[in-house]
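The block underneath contains the structure these notes are about, expressed in structure tokens.
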Amino acid sequence: MAGQTLFEKIWDKHVVVARDDGQTLLYIDRHLCHDGSINGFGQLRAAGRKVRRPRQTFATPDHYTPTHTSDLSTIEDPLAHEIATAIDKNCEEFGVTLFPWGDERQGIAHVVGPEQGITLPGITLVCGDSHTSTHGALGCISFGIGASEVAHVMATQAIWQRKPKTMRINIEGTLGFGITGKDVIIAIIREISAAGGTGHAIEYAGSAIREMSMEGRMTICNMTIEAGSRTGMVAPDDKTIEYVAGRPFAPEGEKWDQAVAYWRSLPSDDDATFDKDVTLDGGAIEPMVTWGNSPENAVGVGETLPDPAGEADKDKRAAMEAAYDYMDLKPGMPVTDITVDKVFIGACTNARIEDIRAAAEVAKGRKAVVQTLIVPGSGLVKKQAEAEGLDKIFIDAGMEWRLPGCSMCVGVNGDDLRPGERSASTSNRNFRGRQGPGSRTHLVSPAMAAAAAVTGRFTDVREMKQGN
Amino acid sequence: MEAFTTFTSHGIPVDIVNCDTDQIIPARFLRRKKTDADYPKFLFHDLRFDADGSEKPDFIYNKAPYRDGGIIVADLNWGCGSSRENAVYVLVANGIRAVIAPSFGDIHYNNCTKQGVLPVRLERKDCDTLRRQLHDEPGAEIAFDLEAQTVTGPDGAVYAFEIGAFDKEKLLQGLDDISLTEQYDSEFEAFEAKHQADHDWLY
């Protein structure tokens, strides 16, 4: 028998029912909810059902909470206020563990899950948010689901799925100085396209992934959905196990030993085969900047913007032309000529402590020339950053040190761009209007965003760091 | 959900590669209830309306007869991006019951099947042909027969499509997943007991 992949090993352990038609009822070990899961709770209540396994269900508000004040009564729109606060009564009514607003454990669901030890290697985890792919960095199967699926998981602790194909993306070699997980994933999406992973579960492998921190791996898995795949994973290793150890909801004592033994068995077998295998040279990746309205519209900071005439596919060419029009940019322009109006450092992509440190390293001793929001991913990230004095570095640089939440990634909580404004943003989507109607978003790493904040334009952060 | 058996309507060609769910319904409308009288207007809102609320006359969905169409024919990676099921509610609110595209965002595809909207994957060249026909002949009709798994284009050309037997059965009967899953309760209980025994550290 051929060897198995990481994905297949975990999948096989969670099959409740495998129908002849290829449909599988998959057991769900952990379900994460957020304020936007209100539709799922509503569907459950309308159907007169309960949460089947409330102890395996966790929630935290993130999408609709403000980042400039701890007072939720300041949310002016009554519908937004209802969503931001309904999570309290929903969790109480259904017996779900809540990290409520104001609790230091509150934050972005995809930061909180790993931080609390809710996310563990070898498990299945779902959440009503497409960036649930993040959790796979710990070596689990995690994917985003819609509201009806949220209600289904609440009611049944399982979900109907078809087994996806598998894809391995190898990042070989050593990443260059100043290159982060964010640059790697944007480079991958440029290479395979925004639909390159559709229908596949992706395993990231290769020496550059093995060498990468857990935070970097989470950033890569986070943006897997931007490559069309719902599930990104990295095989658990010593780094993973060390990361999980001692977290509040992680197993302890004898149970820990059992868990570790299982986790050690998970990496893909040497003779396992994947439906697709892609390899990129990690050493060739530059700091990346997106220029258009799809994450596949990306270039290295040293490049000029591409000419649509070079795109063979006529529909993609039309999309590029439309993106140039919307973004008010021209082919051939050097990336470093693009100026920005606002900078956002945060989101489930890049709001972990390593990200905040990377931004602080660049901000230290410099001054922001545009409005800059630094939004930690959780109360605990905020506390850690403050213990390291990073908040003071940002404040001294004229930047805004905010409260945890999704903030300017999603345009529903008051943090956004005005029409026509341009951002350097560490979030994950540069779609039209994503940061507010008419907004123009460029995706970058935290260090590149901080460099844009202090120079007012895209700048190769490697040159600034060498000057430090 | 409403069952889907056969459906015929005129088609709306949407010539946008990677048409993400933020384009289908911008995030600021996600807070609004499906019962909101304005809900249908949220479809393609920022592509359809200027900042002052006036319609952009060139956008396909603002043109007659496309604005009354019940079928979208799209391009690569339709519905990529966010998991928002609202991107399906807003189709249903406008009477759109089927989408044909060369590829779909995986989450959006699943969301469609939960709300009685039929997602149909066809070859990209066939999608291109259908969109061209819809541009050439506004109001041209497309017909679906889910049981037979066929799409009939305006010129009578018949295209076969694939759909999982499970999704097909649910759509044909308008079944909701939860009641279907409950039929497997004994399998669930047996699975969970063994899962817990094997992975006690999870509980």
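The values are calculated or read from the model by the stated rules, or taken from the named source; none is laboratory data. Predicted, not measured: the structure shown is a model, and the values here were computed from it. Here the Cβ is made from the backbone with ideal geometry for all residues, glycine too, and neighbour counts use every protein chain on show.
Of the residues in the range B:74-89, how many are more than 9 Å from chain A (Cβ to nearest Cβ) and over 10 Å from the mean Cα position of the chain (by Cα)?
So the answer is 1.
If a residue counts only when it is at the interface with another protein chain (Cβ under 10 Å from one of its Cβ atoms) and over 22 Å from the mean Cα position of the chain (by Cα), which helices (runs of 4 or more DSSP H) contained entirely in the range A:1-95 have at least 2 such residues?
Once the helices (runs of 4 or more DSSP H) in the range A:1-95 are filtered for at least 2 residues that are at the interface with another protein chain (Cβ under 10 Å from one of its Cβ atoms) and over 22 Å from the mean Cα position of the chain (by Cα), what remains is A:38-46, A:78-94.
Only one of B:Tyr61, B:Tyr89 is over 19 Å from B:Glu2 (Cβ atoms), touching a helix residue (DSSP H, G or I) at 6+ places or on another chain (Cβ under 9 Å) and not in a loop (DSSP other than H, G, I, E, B). Can you tell me which?
B:Tyr61
Can you spot a residue in the range A:391-407 that is closer than 25 Å to B:Ala27 by Cα, surrounded by 24 or more Cβ atoms within 10 Å (Cβ to Cβ) and among the hydrophobic types (A, V, I, L, M, F, W, C)?
yes
Is at least one residue of the range A:426-441 in a loop (DSSP other than H, G, I, E, B), crowded, with 20+ Cβ neighbours inside 10 Å, modelled with pLDDT under 95 and within 14 Å of chain B (Cβ to nearest Cβ)?
No, because not a single residue in the range A:426-441 is in a loop (DSSP other than H, G, I, E, B), crowded, with 20+ Cβ neighbours inside 10 Å, modelled with pLDDT under 95 and within 14 Å of chain B (Cβ to nearest Cβ).
Taking the range B:51-73 on its own, how many of its residues are of a type in the set (A, V, I, L, M) and within 21 Å of the chain's Cα centre (by Cα)?
Residues meeting the conditions: 4.
Pull out all pairs, ordered by first then second residue, where Cβ-Cβ is under 6 Å, the residues are six or more apart or on different chains, the first lies in the range A:141-162 and is assigned to a helix (DSSP H, G or I), and the second is polar (S, T, N, Q) and crowded, with 24+ Cβ neighbours inside 10 Å.
Listed by first residue and then by second, the contacts come to A:Val150/A:Ser37.
Out of B:Asn62, B:Asn77, report the one residue that is surrounded by fewer than 19 Cβ atoms within 10 Å (Cβ to Cβ) and more than 19 Å from B:Thr150 (Cβ to Cβ).
Criteria check complete, one pass: B:Asn62.
Give all pairs with beta carbons closer than 7 Å in which a residue from the range B:32-44 that is within 12 Å of chain A (Cβ to nearest Cβ) meets a residue that is of a type in the set (Gly, Ala, Ser) and surrounded by 16 or more Cβ atoms within 10 Å (Cβ to Cβ); count only pairs at least 6 apart in sequence or on separate chains.
If the second residue must be of a type in the set (Gly, Ala, Ser) and surrounded by 16 or more Cβ atoms within 10 Å (Cβ to Cβ), the pairs left are B:Lys34/B:Ala93.
From A:Val343, A:Val375, A:Val412, which residue is among the aliphatic types (A, V, I, L, M) and either free of Cβ contacts under 8 Å to residues at least 40 places away in the same chain or within 12 Å of chain B (Cβ to nearest Cβ) (or both)?
Exactly one of A:Val343, A:Val375, A:Val412 is among the aliphatic types (A, V, I, L, M) and either free of Cβ contacts under 8 Å to residues at least 40 places away in the same chain or within 12 Å of chain B (Cβ to nearest Cβ) (or both), namely A:Val412.
Return the only residue of B:Pro154, B:Pro138 being touching a residue at least 24 places away in the same chain (Cβ under 8 Å) and either surrounded by fewer than 18 Cβ atoms within 10 Å (Cβ to Cβ) or part of a helix (DSSP H, G or I) (or both).
After applying the criteria, what remains is B:Pro138.
Does B:Leu180 fit the bill of being within 12 Å of chain A (Cβ to nearest Cβ) and in contact with a helix residue (DSSP H, G or I) (Cβ under 8 Å, 6 or more places away or on another chain)?
Taking the combined requirement at face value, the residue satisfies it.
Among the hydrophobic types (A, V, I, L, M, F, W, C), part of a loop (DSSP other than H, G, I, E, B), surrounded by 22 or more Cβ atoms within 10 Å (Cβ to Cβ) and within 13 Å of chain B (Cβ to nearest Cβ): is that true of A:Ile118 in this structure?
Yes: the conditions hold for A:Ile118.
Return yes when A:Asp129 is charged (D, E, K, R) and surrounded by 22 or more Cβ atoms within 10 Å (Cβ to Cβ) and no when it is not.
yes
Taking the condition of being among the aliphatic types (A, V, I, L, M), within 14 Å of chain B (Cβ to nearest Cβ) and in a helix (DSSP H, G or I), how many residues in the range A:184-217 meet it?
2
Restricted to the range B:104-121, and to residues that are buried (at least 21 other Cβ atoms within 10 Å of the Cβ) and part of a loop (DSSP other than H, G, I, E, B), which residue is farthest from the other protein chains (Cβ to nearest Cβ)?
B:Val117
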